[in-house]
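A short write-up of the structure that comes next.
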Amino acid sequence: MSSTLKSIIALVAGLAVSVLTLYFGPLLNFHPAVTSIVALAAPAVPIIYVLTLLTKKG
């Protein structure tokens with residue numbers, strides 16, 4: 001699998017986790033702070049992954 005495809009999958013997965021956390025957090029009675037932290041941190045992980053892939057290539 002190419003690194004571009006891996007990057008796209010990682011970014012979409014991070015955004016999906018963020019959206020699902022915002023949607024299901026209140027339904028599962030998560031504390032609002034936990035929901036906010038997870039929703040903000042989830043997209044950061046794939047972004048860091050993509051940046052490491054880009055720096056490896058260069």
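Every pair of different Cα atoms in the chain enters the Kirkwood calculation, which places the hydrodynamic radius at 12.2 Å.
Return the carbon/sulfur percentage of the accessible area of the chain, one whole number, probe 1.4 Å, all protein chains in place. Let's see the in-between values first.
On the way: 3430 of 4320 Å².
Carbon-and-sulfur percentage of accessible area, whole number: 79.
Taking every DSSP helix (H) stretch of at least 4 residues in the chain, weighting each as -39,500 (n - 2.57) and dividing the sum by the residue count yields a mean residue ellipticity at 222 nm of -28000 deg cm²/dmol.
Between Ile9 and Ala41, the contour length at 0.36 nm per residue exceeds the Cα-Cα span by 9.8 nm.
The mean accessible area for residues of the chain, using a 1.4 Å probe and ignoring ligands and nucleic acids, is 75 Å² per residue. Computed from the C-beta positions of Thr52 and Phe30, the FRET efficiency with R₀ = 30 Å rounds to 0.50.
The values are calculated or read from the model by the stated rules, or taken from the named source; none is laboratory data. Just so we're clear, the structure is a prediction, and the values are computed from it rather than from any experiment. Using ideal geometry, Cβ is built from the backbone for each residue, glycine included, and neighbour counts are taken over all protein chains shown. Calculation scope for accessible area: heavy atoms of the full protein, side chains included, ligands and nucleic acids excluded. Shrake-Rupley method; radii C 1.70, N 1.55, O 1.52, S 1.80 Å.
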